[in-house]
Amino acid sequence: MTKARQFAVVLLITFLSMVGIQPSFSQVPSKTEEPIQYKIDKGHSSIVFAVSHFGISYVYGRFNDFSGNFALQGGELTTSGFSFIVNAKTIDTNNSARDKHLRSRDFFDTEQFPKIKFVTTGFTKVDSTYQITGDLTMHGQTRSVTMPVKLVGIGKGPFDSQRAGYMAKFTLKRDAFGIDKLAGQIGNNIAVTFSFVGVKQR
C-alpha cells in the first residue's frame, strides 16, 4: 500500500470514529458467540436399524418415538446439549408378534428399561465428518460409542424455520448391552442409520 493510500485510510477511520461509526473489516463470526440451540424435529427424523436373520437375510426396524437436542456455534456442532432419548417401547419391525418379543425380557425388557439414552462426551472433526463420542445407555448397560456424523444441510424449512440436518451410520454389538438371546439365529452386529434434523429454538 502506498503512503498516500495509507494516509487516506487513516483519515477515513478517524472521520468514522468522530461521527460514532465503528468500521468493520471482517465478516467472520466471533468465536465467542453463544451456542444456538436446536430441537429435534421427530416428524422429519428417523432411527432405522438392520440385523441379520440366520445369516441369509436382513430384518429392518425403527423406533417411532424419540427426542433430542444439539447446538451450533459458528455454524459448527458443539457438545453443548447434544443428547438423545429413544422410547424403546416404540420398536417397530412391521410384525406385531416379533415386536412384542423384542420388548420382552429376552431382548430390550422395556418394562424395566423403557429408555435408550445417548449423551455426548466429546468429538473431533475430520474434513466434513464429526466423530462424535458419547455414553449410550441401553438395556441397563452404558457403553462408550463413537459415531461418524455428516452434515446434510442447513437452511430454511417450513414456516421460515431455521433447520440443520445430519446423518449418522454406525454399528453396535447387541451383546455389549446384554442383549444376547438367540445368538445363532439373530446377528450380533446391528447396523444403525440415524437421520436427524433440528429446528432452531427462539
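Values in this text are rule-based calculations from the coordinates and carry no lab data. Only a predicted model underlies this, so the values are computations on that prediction, with no experimental measurement involved. Note: ideal-geometry Cβ built from the backbone for every residue, glycine included; neighbour counts use all protein chains shown.
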Net charge (Lys, Arg +1; Asp, Glu -1) of residues whose beta-carbon lies under 14 Å from that of residue 182, residue 182 excluded, is +1
Projected onto the charge dipole of the range 56-202 (unit charges on the beta-carbon of Lys, Arg, Asp and Glu, signs +1, +1, -1, -1), the Cα from 132, 64, 122 with the largest positive-side position is that of 64
Amide H proximity to residue 41 below 5 Å, modelled H, separation 5+ or other chain, gives 197, 198, 199
With the range 28-200 reduced to its Cα atoms and the Debye formula applied, log10 I(q)/I(0) at q = 0.11, 0.12, 0.16 1/Å amounts to -0.50, -0.58, -0.97
Taking a straight Cα-to-Cα line shorter than 25 Å from residue 125, and setting aside same-chain lysines fewer than 8 residues away, one finds 31, 39, 117, 150, 156, 169, 173, 200
